[in-house]
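Participant: Below: one structure in structure tokens.
The values are calculated or read from the model by the stated rules, or taken from the named source; none is laboratory data. On a predicted model such as this, the values are computed, not experimentally measured, just so you know. Note that we place each Cβ from the backbone using ideal geometry, even for glycine, and neighbour counts take in every protein chain shown.
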Amino acid sequence: MSNNCSNFRQRSTAGCKWLYNRLMTWLIITLFTFLTAGLAYWLLVTTEGVFLGRRVVVWLYDLTAHRYDGVKEFSPEDERILVTNPVLVAVQGVDRPLVLDVATGTGRVVYDLLQAEAFTGTVIGLDASWPMLAVAKRKLQAYGQGQQTLLQGVAGRLPFGGDAFDLVTCLEALEFFPRQEEALREMVRVLRPGSALLVTRRTGHEGRFFLHRYRSEAQFVALLGRVGLTNIRIFNWEVGYDLAIGWKGTAGAAAVDSAAGLVYNGQEES
């Protein structure tokens, strides 16, 4: 009888160990799967491939170009406040301004400006993704080459001479550039003296997902100062973004005063 009880206990112990080992194996596999999926989501969705290199970033935009505008759901009224008005402030007093939009994507800035009767200039949109530019081209086919031009290129090597533009814009894109300071120096290089750069900064918890690429407001202002901008102003903009405006060289008092009066969604300069 005692031998039978001993054998039963041994079999029970062995069975418990087997079950425990199986459970631990599945727990480790499940944990590894969740961690791998989370890492992939962070690399490919949250930070849109920036830690994997510029080619991956461009490839991801190539893949999503056909549905990009549908995902963003740009509102005409919001675009007037967020895009058109700041540009008109920045180029006030300039006759037929020449504007460069870096990382134009599907032509958001180009389209918004050409929709505005108050804008009388020309816009050049530059982007690294051909599929994104193809979407922009379809949106802008009603406008002639005298009003807009679309080019493929990268921010770190702008295909223009110096002192060429009355305004440069770069919205919702800087955080994806491999060398941000180099790109900003290029944008300032092609600006005419006294002209402005409009550029956004990623903010909040989404901004901090970019780790060392994230910059506080003070760090961002310092960066813009290093590349040659003055009279820098920072404004609350879209959810998750600030908008910065700075001038190459000395800006006129009227331009600085107008920029200081910009308001977005009821939130003034930060």
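Participant: Here is a list: Arg138, Arg201. Which entry is in the same structural domain as Glu77 (by TED's automatic domain parsing) and surrounded by fewer than 20 Cβ atoms within 10 Å (Cβ to Cβ)? Quick ask: steps written out before the conclusion?
Facilitator: On the way: Arg201 fails: surrounded by fewer than 20 Cβ atoms within 10 Å (Cβ to Cβ).
Answer to the check: Arg138.
Participant: Do you know which residues across the range 75-122 are out of contact with any strand residue (DSSP E or B) (no Cβ under 7 Å at 6 or more places or on another chain) and polar (S, T, N, Q)?
Facilitator: Scanning the range 75-122 gives Ser75, Thr84, Asn85, Gln92, Thr106, Gln115, Thr120.
Participant: Could you check the range 1-87 for helices (runs of 4 or more DSSP H) lying wholly inside it with 2 or more residues that are modelled with pLDDT of 80 or more, under 16 Å from Met132 (Cα atoms) and under 26 Å from the mean Cα position of the chain (by Cα)?
Facilitator: On the way: elements: 2-41, 54-64, 68-72, 76-79.
Hits in the range 1-87: 54-64, 68-72.
Participant: Which residues, taken from the range 11-63, are hydroxyl-bearing (Ser, Thr, Tyr) and within 27 Å of Arg201 (Cα to Cα)?
Facilitator: Tyr41, Thr46, Thr47, Tyr61
Participant: Filter the range 204-236 down to residues that are part of a loop (DSSP other than H, G, I, E, B), touching a residue at least 40 places away in the same chain (Cβ under 8 Å) and within 27 Å of Leu43 (Cα to Cα), then give me how many there are.
Facilitator: In the first step, residues of the range 204-236 are kept if they are part of a loop (DSSP other than H, G, I, E, B); the result is 209-210, 214-216, 227-228.
Subset that is touching a residue at least 40 places away in the same chain (Cβ under 8 Å): 209-210, 227-228.
Then drop every residue that is not within 27 Å of Leu43 (Cα to Cα), which leaves 209-210.
So the answer is 2.
Participant: Identify, by number, the condition in (1) crowded, with 17+ Cβ neighbours inside 10 Å; (2) out of contact with any Cys (no Cβ under 6 Å at 6 or more places or on another chain) that Ala118 doesn't meet.
Facilitator: (1)
Participant: Ok, one more. Looking for something within 22 Å of Phe165 (Cβ to Cβ) and of a type in the set (Lys, Arg) - is there at least one such residue anywhere in the range 225-232?
Facilitator: Yes: one or more hits.
Participant: Restricting the range 99-138 to residues that are in a helix (DSSP H, G or I) and touching a Lys or Arg at 6+ places or on another chain (Cβ under 9 Å), which is nearest to Val190 (Cα to Cα)? Outline the logic, then answer.
Facilitator: Of all residues in the range 99-138, those in a helix (DSSP H, G or I) come to 108-115, 130-138.
Going one step further and asking which of them are touching a Lys or Arg at 6+ places or on another chain (Cβ under 9 Å), we end up with 108, 110-112, 115, 136.
Values: Arg108: 21, Val110: 18, Tyr111: 22, Asp112: 22, Gln115: 25, Ala136: 23 Å.
Among them, the one singled out is Val110.
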